Amino acid sequence: MARQTFWKGYLKLSLVTAAVSLTPATTESNKVRFHVLNRQTKNRVESHYVDSITHKPVPERDQVKGYPRGEDDYVLLEDEEIEQVGLESTRTIEIDSFVPRGSIDWIWYDKPHFLAPEDKVGVEAFCVIREAMKANDVVGIARLVLYRRERAVLLEPLGKGIVLWTLRYGDEVRDPVAELDSKAEIDSKLLTLMTQLVKEETKNWSPAMVQDPIQKRLKSMIRGKQKSLKKAAPVQKPAPVKSTGNVINIMDALKKSLAAEGGQKPRQ
């Protein structure tokens, strides 16, 4: 399946620049998705914003973001004001610094993307940056506007390309739970048996280990329902009314309709 590029820009390190493109490394396109329908009409149900007190629909022009500072008391912020405090979307991934590879705990990693050179001119510059990071066993740190938010990103060499990870913000990662008592004694015999069990259950990694069984069951159930349902007859659409483009024909039709309503014969 062809990968869909959703971002194009430049990778920059000092004076070295390469045109690049970003592609999400993961996809949810194979997940079963449902529409919410009206059970009676089978029409799709739409959602709308309504006032929580009056229950009247609120048009988009009247919708505004508010930060709560008390009960029923908000600080209102316009979209333009929020955008002003964000990083300007320059379409450039400028590497600010490097950190040792593996020094950032996995819990900070958010979404992976494939970073690749966009044209032949930028291939050499892209490869030089990638190989320099490999040689020093480091990963690059930069900032980028993605998904309408400013994000810290990590660039990690992988094979012939680079994986760009968006990183979680500091306030998104909770402190670890309190450590267990390090002085607690472990039964040596129990540890030996557990170590042996872990060794016996150790296998080579395979994507099959993380298949979603719920998705498989849902797809199987949907296929079963599709087979049991009779093919719906196509809806008969009324034949289009032929028009000669003559206004007199419309006038005649109106006279006939009025005459039928009044029980009179149409005048000639």
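The values are calculated or read from the model by the stated rules, or taken from the named source; none is laboratory data. Please read all numbers here as calculations on a predicted model, not as lab measurements. No Cβ is skipped: glycine too gets one built from the backbone with ideal geometry, and neighbour counts run over all protein chains shown. Ligands, DNA and RNA are excluded from the accessible area calculation, which covers all protein heavy atoms including side chains. Shrake-Rupley method; radii C 1.70, N 1.55, O 1.52, S 1.80 Å.
Just so you know, in the range 191-222 the residues that are in a loop (DSSP other than H, G, I, E, B) and open to solvent by less than 90 Å² (accessible area, probe 1.4 Å) include one that is modelled with the lowest pLDDT, and it is Asp212.
Based on what the data block shows, is Glu261 open to solvent by 80 Å² or more (accessible area, probe 1.4 Å), modelled with pLDDT under 85 and in a helix (DSSP H, G or I)? Yes: the conditions hold for Glu261. The set of residues from the range 44-62 being in a loop (DSSP other than H, G, I, E, B) and surrounded by 10 or more Cβ atoms within 10 Å (Cβ to Cβ) comprises Val45, Tyr49, Asp51, Val58. The set of residues in the range 154-166 being open to solvent by less than 30 Å² (accessible area, probe 1.4 Å) and out of contact with any Lys or Arg (no Cβ under 7 Å at 6 or more places or on another chain) consists of Leu154, Leu155, Gly161, Val163, Leu164.
When we screen Leu11, Leu76, Leu22 for residues that are open to solvent by 80 Å² or more (accessible area, probe 1.4 Å) and part of a strand (DSSP E or B), the only hit is Leu76.
Looking across the range 182-222, the residues that are among the charged types (D, E, K, R) and either in contact with a His (Cβ under 9 Å, 6 or more places away or on another chain) or closer than 30 Å to Asn30 by Cβ (or both) come down to Glu201, Lys203, Asp212, Lys216, Arg217, Lys219.
Within the range 171-188, does at least one residue satisfy the condition of being within 30 Å of Leu115 (Cα to Cα) and open to solvent by less than 80 Å² (accessible area, probe 1.4 Å)? Checking the range 171-188: at least one residue is within 30 Å of Leu115 (Cα to Cα) and open to solvent by less than 80 Å² (accessible area, probe 1.4 Å). Exactly one residue out of Arg168, Arg148 is under 22 Å from Tyr10 (Cα atoms), among the basic types (Lys, Arg) and out of contact with any Ser or Thr (no Cβ under 8 Å at 6 or more places or on another chain), and it is Arg148. Filtered by the rule that a residue be touching a residue at least 24 places away in the same chain (Cβ under 8 Å) and either of a type in the set (Asp, Glu) or surrounded by fewer than 16 Cβ atoms within 10 Å (Cβ to Cβ) (or both), the range 97-107 gives Ser97, Val99, Pro100, Arg101, Ile107.
Restricting Glu131, Glu94, Glu83, Glu150 to residues that are surrounded by 11 or more Cβ atoms within 10 Å (Cβ to Cβ), of a type in the set (Asp, Glu) and free of Cβ contacts under 8 Å to residues at least 12 places away in the same chain narrows the list to Glu83.
Ala239 falls short on exactly one of the conditions (1) touching a helix residue (DSSP H, G or I) at 6+ places or on another chain (Cβ under 7 Å); (2) modelled with pLDDT under 80; (3) of a type outside the set (Asp, Glu), and that condition is (1).
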